[in-house]
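The values are calculated or read from the model by the stated rules, or taken from the named source; none is laboratory data. On a predicted model such as this, the values are computed, not experimentally measured, just so you know. No Cβ is skipped: glycine too gets one built from the backbone with ideal geometry, and neighbour counts run over all protein chains shown.
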Amino acid sequence: MSEIIKLQISHGINRFKCSTIAEAEMTACSGASDVLLAMQPVGPNIDRFFSLITKFPNVKFSCLADNETTVNQLAEKAVKARVTAHIWIDINNSMNRTGITPDDKALRFYDMIIGRSIIKIEGLHVYDGHINDADFTVRKQKSDEAFKPVLKIAKEIQMPFKIIIGGSPTFGIHAQRENSPGTVLLCSFLPFCAVSINNIQTQIAHICKHHNNFVNMTLIVSFRCLERKLLIVLWSDVCMLVSHM
């Protein structure tokens, strides 16, 4: 995986979203300058998260948070480490797995954090991987509808910050925003395997056109639904498109 990270960096991609502390460390070791831990650190992982910040002072690490207890623990650790904790407010836009709902709860949570100088809110993080309808029109309609309350909250906060949103099925829809393209390069299952290669290439083009997007880390290399040669086609397209950003 380190070689793949380095290859992406050589083509101008230097912001990555990881699921584990180990992935975050590997990505930093590979030369990434901006690493988001897309899993709220709890327990021992809070110490491990701050250990990375200390070990790689030239890398910007950030993480998710969706509750006051975690924020208090991050703030306490940041004070002891004499560093600023960069966090993204994790929003639940109907997946109901993690995050805080985009309503008054999110506004109160934001107000609770904003007064702490030791914590910097980077923006909102939204994962809508549950919106995976095979029909693109349906998928886009559901995705846009789920995004409305998120946008409303962002406007009510009235401060310039970012929204990271999307997953594998919706990254093409969110391409004009700062999105998280999901399992772009390597995965154990490619969604919508019935679509044409041209459609898949179009999706990849959306990612590469907007180089500020976070690129997700994945662990398994195995396309079960497509010919092996398609992997080469997709990877070639990524390299070509990123190099022309």
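Between a residue in region 1-17 that is in contact (Cβ under 8 Å) with a residue 24 or more places away in the chain and any residue that is part of a loop (DSSP other than H, G, I, E, B) and of a type in the set (A, V, I, L, M, F, W, C), which pairs come within a Cβ distance under 6 Å, given they are 6 or more apart or on different chains? Taking only residues 6 or more apart or on different chains, the pairs are 12/245; 15/214; 16/32; 17/38; 17/214. For residue 80, the conditions (1) of a type in the set (Lys, Arg); (2) over 21 Å from residue 1 (Cα atoms); (3) within 18 Å of the chain's Cα centre (by Cα) are fulfilled apart from (3). Filtered by the rule that a residue be surrounded by 19 or more Cβ atoms within 10 Å (Cβ to Cβ) and part of a helix (DSSP H, G or I), region 26-45 gives 27, 28.
Restricted to region 84-176, the set of strands (runs of 3 or more DSSP E) holding at least 3 residues that are crowded, with 16+ Cβ neighbours inside 10 Å and modelled with pLDDT of 90 or more comprises 85-91, 119-126. Yes or no: residue 3 assigned to a helix (DSSP H, G or I) and buried (at least 19 other Cβ atoms within 10 Å of the Cβ)? Here the answer is no, as residue 3 does not meet what is asked.
Among the numbered conditions (1) surrounded by 17 or more Cβ atoms within 10 Å (Cβ to Cβ); (2) under 21 Å from residue 165 (Cβ atoms); (3) of a type outside the set (S, T, N, Q); (4) modelled with pLDDT under 95, the only one that residue 11 does not meet is (2). Can you confirm whether region 76-96 contains a residue that is in contact with a His (Cβ under 6 Å, 6 or more places away or on another chain) and on the phi > 0 side of the Ramachandran plot? Scanning region 76-96, I find no residue that is in contact with a His (Cβ under 6 Å, 6 or more places away or on another chain) and on the phi > 0 side of the Ramachandran plot, so the answer is no. Taken residue by residue, region 57-72 has at least one member that is within 19 Å of residue 162 (Cβ to Cβ) and assigned to a helix (DSSP H, G or I).
Look through 55, 77 and report the one residue that is closer than 16 Å to residue 120 by Cβ, of a type outside the set (A, V, I, L, M) and modelled with pLDDT of 95 or more.
On the way: 55 fails: closer than 16 Å to residue 120 by Cβ.
Unique residue meeting the criteria: 77.
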